[in-house]
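This report refers to the structure that appears directly beneath it.
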Amino acid sequence: MWAKVDARGRLYIPRSLRSKISKEVYLVEVKDGILVIPKPEDPIKELEEIGRAIPPDKPVDEIKKDILKQAMEELE
């Protein structure tokens, strides 16, 4: 989907997409452009849910490697 950026750097997001994001977003620069990620309504609750999914007996170093591996795969 195409979107326009005005002279002041404001990005016009079509109505169909605006309804899917909150008023705040994270901008993440990646190799091929910029990702716009909606900020969760309750970031703490979301982090707690992510934390519950982590196996308690897995070493932190392995978790970090897994996260890095997954991120690199998603960027490719």
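Just so you know, all these numbers are worked out from the coordinates, no wet-lab data involved. This is a predicted model, so every value here is computed, not measured.
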Straight-line reach check, K58, cutoff 14 Å on alpha carbons, 8 or more apart in-chain or any other chain, hits among aspartates and glutamates -> D66
Across the alpha-carbon set of the chain, Rg over Rh with Rh taken as the Kirkwood radius works out to 1.07
Excluding residues fewer than 8 positions from K4 in its own chain, the lysines with Cα under 23 Å of it are K20, K23, K31, K39
